[in-house]
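The values are calculated or read from the model by the stated rules, or taken from the named source; none is laboratory data. Computed from a predicted model, the values in this text were never measured in an experiment. Note that each Cβ is placed from the backbone with ideal geometry, even for glycine, and that neighbours are counted across all protein chains shown. These accessible areas exclude ligands, DNA and RNA; they are computed on the full protein's heavy atoms, side chains included. Shrake-Rupley method; radii C 1.70, N 1.55, O 1.52, S 1.80 Å.
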2 protein chains.
Amino acid sequence: MATIGILGGGQLARMLALAGAPLGHRFLVVDSAEDACAAQVAPVLRADWRDFAALEAFASKIDVATFDFENVPAETAEWLTAHTRVFPNPAALAVAQDRLVEKSLFGEIGLDTPTFAAVDSLADLHRAVEKTGLPAVLKTRRLGYDGKGQAILRQHSDIESAWDALGGVPLILEAFVAFESEMSVIAVRSRSGEFRHYPLTRNWHSNGILSASLAPVAVEAELQRRAVARARALAERLDYVGVFALELFACGDRLLGNEMAPRVHNSGHWTIEGTACSQFENHIRAVLGLPLGDTDARGCSAMLNWIGELPDATPVLAEARAHWHDYGKSPRPGRKVGHATLCADSAEELVERLQRVGRALDREVHVAPVIAALAANGTA
Amino acid sequence: MATIGILGGGQLARMLALAGAPLGHRFLVVDSAEDACAAQVAPVLRADWRDFAALEAFASKIDVATFDFENVPAETAEWLTAHTRVFPNPAALAVAQDRLVEKSLFGEIGLDTPTFAAVDSLADLHRAVEKTGLPAVLKTRRLGYDGKGQAILRQHSDIESAWDALGGVPLILEAFVAFESEMSVIAVRSRSGEFRHYPLTRNWHSNGILSASLAPVAVEAELQRRAVARARALAERLDYVGVFALELFACGDRLLGNEMAPRVHNSGHWTIEGTACSQFENHIRAVLGLPLGDTDARGCSAMLNWIGELPDATPVLAEARAHWHDYGKSPRPGRKVGHATLCADSAEELVERLQRVGRALDREVHVAPVIAALAANGTA
């Protein structure tokens with residue numbers, strides 16, 4: 001029995017605790033929020049990331065620390081490593097916290113990226129646009145998530161307004177990629193160096209927030225092999241321990257690295273029911289140095305995210321092989337409050353399930369791209 | 001979101017809370033034990049079953065009450081029904097608390113039982129032996145579980161010693177059944193009257209404690225149909241709400257009712273990974289009046305109980321499609337402290353998994369009967 005400390009008490013911490021409890025492990029979460037939803041299933045220490053007295057008490061009660069949130073301050077992660085074991089290591093966290101460092105590293109491990117340039121001034125931005133062409137996306141290098149901290153530049157006249165909106169912090173300009181699909185590799189590396197990956201997942205976003213995922217993706221074996229090889233190279237380069245997501249754009253047979261998330265990831269939620277060992281259980285296993293679990297897909301799965309507020313659960317509960325997840329959070333626009341995963345043995349069966357649920361919840365628009373992908377490609 | 005109160009804070013309450021949390025529900029457990037293992041995943045109110053002031057506070061905080069333990073005093077269950085909704089109802093609980101009432105009810109719904117007779121005196125016991133023949137089993141009518149409160153009578157000279165060991169409380173004498181196998185039906189009935197059942201499970205006991213389960217059992221469709229029909233008749237007769245287990249002896253094509261457990265049951269633990277909706281989730285759905293979930297078996301599953309202390313988890317964690325459950329309890333002889341479930345797509349694959357795990361844990365004896373059953377019959 002180990003006690004695992006988690007920095008951040010959102011739904012990822014909640015699902016980590018729910019996955020680790022059957023294995024006999026205990027959890028202690030640190031979060032400053034009054035209503036951290038992980039508190040419903042694990043003890044929570046209410047403290048700020050920079051409250052080192054509280055962190056000392058936290059460190060003394062746990063065997064290993066990990067994260068449900070990648071934007072924990074680097075100094076906090078560094079401080080913790082002097083007081084307990086921390087996985088993933090703070091250097092890996094730091095890479096994922098800075099889009100410029102992250103994209104540069106992608107290049108070093110042989111993963112192409114959209115053309116990009118650092119932007120620290122309006123003059124930089126003008127030069128960067130020459131390099132990337134238009135349209136392009138201006139992003140904060142740090143603290144962006146779910147589409148926050150971004151501005152799209154479609155024409156030269158957008159340059160100044162984008163600078164006005166985001167300038168003053170370190171930025172990066174990235175060429176806009178007319179990708180065919182967004183995909184992610186969810187992979188895990190343990191303290192012993194063992195590496196495993198889940199099948200490629202295809203993702204759809206709405207207003208910058210993940211809307212739906214489908215796995216396994218029907219792609220050429222060679223594309224899957226390259227994506228996994230890059231994920232593995234990244235993990236080994238960072239001496240990464242735990243689960244992470246590598247988000248990719250697919251353009252024909254090209255793969256471009258978009259970003260990495262140094263934690264369990266929304267696009268891996270389908271693994272709870274779609275595999276024998278979920279991303280959450282494998283993260284626990286990895287940070288404790290236990291053997292990694294089975295990552296093969298059992299049939300095919302589609303995950304639908306509930307943003308802002310939950311729809312009626314009944315149509316999902318009434319559907320065979322459909323799984324409801326309510327994170328116990330209060331509703332708020334743009335907030336991830338739950339998800340549903342629908343599983344099936346075939347693409348046809350999954351399409352039927354998506355159609356029934358989409359219709360019953362008046363969410364035809366939500367399920368349509370997933371159904372279209374299944375109709376066009378089936379599943380792997 | 002509902003708050004579900006559970007009387008009893010053992011591993012069944014723990015697994016109920018872990019199954020209900022993803023659905024967004026909250027739990028409050030009542031248990032007098034200092035170290036109730038459900039406390040690791042849900043809030044626990046420490047109180048005795050007869051502390052009505054504490055129960056009043058409990059009832060005021062919950063939407064519905066249920067049980068992890070069937071021997072809650074009838075007066076407690078009755079008291080609760082006046083203060084909150086209670087499922088299963090106290091009358092159903094009372095039937096399962098008394099072996100004589102239970103066996104009589106089995107007869108009324110057309111389920112054969114071993115020959116039995118009530119025993120309240122030594123003279124009764126002599127008469128009862130004439131009726132049942134020998135060998136026979138003398139049992140306390142109430143509060144027996146895991147083989148406790150039982151004495152086997154092999155010859156007439158055992159009558160007095162059995163009476164000396166158990167006499168003084170209401171007893172039942174049952175003819176000893178030379179059964180070929182022990183099986184259970186895990187079934188669920190919801191507040192709306194919806195009824196579902198899991199495939200028949202075969203069980204093995206060691207020293208009166210469940211040692212292993214295998215599902216689905218390869219039996220004739222007619223036998224399965226009869227077993228399920230009896231379970232359904234029982235549930236309807238009792239206006240039962242929630243999951244229950246009907247334990248049966250199979251002798252050729254005869255089925256004899258052994259006992260009913262008015263709660264989620266050890267022989268249904270395999271449903272956590274072996275079906276889309278576990279007995280724990282379905283119990284939550286049933287007591288909340290939600291649609292019941294999918295009870296079909298996904299492949300075949302074997303569950304191995306860990307009694308007294310846990311073996312090394314590593315060989316199970318290292319096996320594909322093998323699932324480790326540690327209840328967070330301290331070791332104690334005869335105590336159920338955890339289990340493992342091994343899943344597979346075929347009987348052959350499951351046999352291989354059982355052999356590897358049995359060998360690695362030096363538990364060949366533990367897995368041997370399950371392997372023998374798979375070799376003889378395969379799975380349904």
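Some observations on this one:
- For region B:353-371, a residue qualifies if it is more than 14 Å from residue B:314 (Cα to Cα), free of Cβ contacts under 8 Å to residues at least 24 places away in the same chain and open to solvent by less than 60 Å² (accessible area, probe 1.4 Å), and the qualifying residues are B:368, B:371.
- Selection within region A:194-245: residues that are free of Cβ contacts under 8 Å to residues at least 40 places away in the same chain and either among the small types (Gly, Ala, Ser) or crowded, with 23+ Cβ neighbours inside 10 Å (or both). The member of this set that is farthest from residue A:93 (Cα to Cα) is A:221.
- Among the residues listed as A:157, A:192, A:211, the single one being outside the structural domain of residue A:322 (by TED's automatic domain parsing) and over 24 Å from residue A:103 (Cα atoms): A:157
- Scanning region A:305-320 for residues that are free of Cβ contacts under 8 Å to residues at least 60 places away in the same chain and either closer than 15 Å to residue A:269 by Cα or not assigned by TED's automatic domain parsing to the domain that holds residue A:204 (or both) yields a single hit, A:306.
Here is a yes/no grid of residues against (1) out of contact with any Pro (no Cβ under 7 Å at 6 or more places or on another chain); (2) under 17 Å from residue A:200 (Cα atoms):
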| residue | (1), (2) |
| --- | --- |
| A:338 | yes, no |
| A:357 | no, no |
| A:362 | yes, no |
| A:365 | yes, no |
| A:370 | yes, yes |
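- If you go through region A:65-108 and pick out every residue that is over 19 Å from residue A:265 (Cβ atoms) and under 16 Å from the mean Cα position of the chain (by Cα), you end up with 0.
- Unique match (being of a type in the set (A, V, I, L, M, F, W, C), open to solvent by less than 20 Å² (accessible area, probe 1.4 Å) and not assigned by TED's automatic domain parsing to the domain that holds residue B:324) among B:45, B:55: B:55
- Residue match in region B:246-260 (condition: open to solvent by 10 Å² or more (accessible area, probe 1.4 Å) and among the basic types (Lys, Arg)): yes
- Residue check, residue A:315 at pLDDT 95 or above, on the phi < 0 side of the Ramachandran plot and touching an Asp or Glu at 6+ places or on another chain (Cβ under 8 Å): no
- Summed over region A:18-35, the residues that are more than 8 Å from chain B (Cβ to nearest Cβ), open to solvent by less than 10 Å² (accessible area, probe 1.4 Å) and free of Cβ contacts under 8 Å to residues at least 40 places away in the same chain give a count of 2.
- Meets criteria (modelled with pLDDT of 95 or more, open to solvent by 20 Å² or more (accessible area, probe 1.4 Å) and over 20 Å from residue B:272 (Cβ atoms)) for residue A:379: no
- Within region A:275-288, the presence of a residue that is open to solvent by 40 Å² or more (accessible area, probe 1.4 Å) and either part of a helix (DSSP H, G or I) or not acidic (Asp, Glu) (or both) is excluded.
- Residues of region B:226-276 classified as closer than 21 Å to residue B:305 by Cα and either of a type in the set (D, E, K, R) or more than 15 Å from the chain's Cα centre (by Cα) (or both), total: 6
- Only listed residue being at pLDDT 95 or above and within 12 Å of chain B (Cβ to nearest Cβ), chosen from A:53, A:42, A:47: A:42
- Lone unmet requirement of (1) assigned to a loop (DSSP other than H, G, I, E, B); (2) farther than 26 Å from residue A:35 by Cα; (3) in contact with a helix residue (DSSP H, G or I) (Cβ under 6 Å, 6 or more places away or on another chain) for residue A:328: (2)
- Residue in region B:169-182 that is under 26 Å from residue B:280 (Cβ atoms) and either within 25 Å of the chain's Cα centre (by Cα) or at pLDDT below 95 (or both) present: yes
- Filter result (within 13 Å of chain B (Cβ to nearest Cβ) and open to solvent by less than 20 Å² (accessible area, probe 1.4 Å)) within region A:2-17: A:2, A:4, A:13, A:14, A:15, A:16, A:17
- Checking each residue in region B:311-352 for being within 13 Å of another protein chain (Cβ to nearest Cβ) and over 25 Å from the mean Cα position of the chain (by Cα) picks out B:312, B:314, B:315, B:317, B:318, B:319, B:320, B:345, B:349.
- Residues in region A:61-89 that are free of Cβ contacts under 8 Å to residues at least 24 places away in the same chain and surrounded by fewer than 18 Cβ atoms within 10 Å (Cβ to Cβ): A:74, A:78, A:81, A:82.
- Selection over region A:75-113 of residues that are among the small types (Gly, Ala, Ser) and closer than 19 Å to residue A:289 by Cβ gives a count of 1.
- Failed condition for residue B:123, given (1) under 30 Å from residue B:253 (Cβ atoms); (2) surrounded by fewer than 16 Cβ atoms within 10 Å (Cβ to Cβ): (1)
- Residues that are closer than 20 Å to residue A:208 by Cα and among the β-branched types (Val, Ile, Thr), drawn from region A:324-380: A:337, A:365, A:367, A:370
- Residues that are closer than 15 Å to residue A:37 by Cβ and open to solvent by less than 20 Å² (accessible area, probe 1.4 Å) within region A:331-350 comprise A:337, A:338, A:339, listed in sequence order.
- Subset of region B:140-149 (residues that are more than 16 Å from residue B:122 (Cβ to Cβ) and either at pLDDT 90 or above or in contact with a helix residue (DSSP H, G or I) (Cβ under 6 Å, 6 or more places away or on another chain) (or both)): B:141, B:142
- Selection within region A:321-352 - touching a residue at least 40 places away in the same chain (Cβ under 8 Å) and aromatic (Phe, Trp, Tyr): A:327
- The residue list A:263, A:191 contains one member that is modelled with pLDDT of 95 or more, in contact with a Pro (Cβ under 9 Å, 6 or more places away or on another chain), among the basic types (Lys, Arg) and in a loop (DSSP other than H, G, I, E, B), which is A:263.
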